[in-house]
Amino acid sequence: VQLQASGGGLVQAGDSLRLSCAVSGGDFSEFVMGWFRQAPGKEREFVATISRLGETTYYADSVKGRFTISRDNAKNTVYLELSNLQPADTAVYYCAADLGVIINIWAEEYDYWGQGTQVTVSS
């Protein structure tokens with residue numbers, strides 16, 4: 001299974017971005033998907049997760065109301081819409097796939113990881 005994240009970039013505070021993560025080599029609809037991020041000098045942290053059919057989502061408090069996770073099972077892709085970006089959102093964003101059956105906030109339980117995409121927000 002391979003995950004390819006894309007869509008990061010350098011933006012200004014208040015701007016928006018859409019991250020994508022394309023999954024290949026497995027049955028995408030069997031994966032709970034998650035987004036995590038890691039800022040310089042900090043540990044990887046949970047951002048958002050979505051259930052296998054997309055009916056359930058869950059967000060970290062720090063992004064709730066600003067970020068939206070979604071998926072298109074026909075395209076084997078999960079998305080993360082980032083709005084009202086702030087400098088504190090600067091990090092490498094990773095997508096991950098979990099063979100479990102419920103949404104999951106724990107990075108150590110995810111089975112597959114993408115390579116990450118850099119998001120940098122200037123003030």
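Apolar share of the accessible surface for the chain: 48 percent from carbon plus sulfur atoms, 1.4 Å probe. Temperature 20 °C, viscosity 1.002 mPa s: under these conditions the Stokes-Einstein estimate for the range 1-45, based on its Kirkwood radius over C-alpha pairs, is 166 µm² per second. Accessible area per residue for the range 34-79, computed on protein heavy atoms with a 1.4 Å probe, is 54 Å². All other residues whose Cβ lies under 12 angstrom from that of Leu80 are scored, Lys and Arg at +1 and Asp and Glu at -1, for a net of +2.
The values are calculated or read from the model by the stated rules, or taken from the named source; none is laboratory data. Keep in mind that what you see is a predicted model, and the values were worked out from it rather than measured. We place every Cβ from the backbone using ideal geometry, glycine too, and count neighbours over all the protein chains shown. For the accessible areas, the whole protein counts, side chains as well, though only heavy atoms, and no ligand, DNA or RNA atoms are used. Shrake-Rupley method; radii C 1.70, N 1.55, O 1.52, S 1.80 Å.
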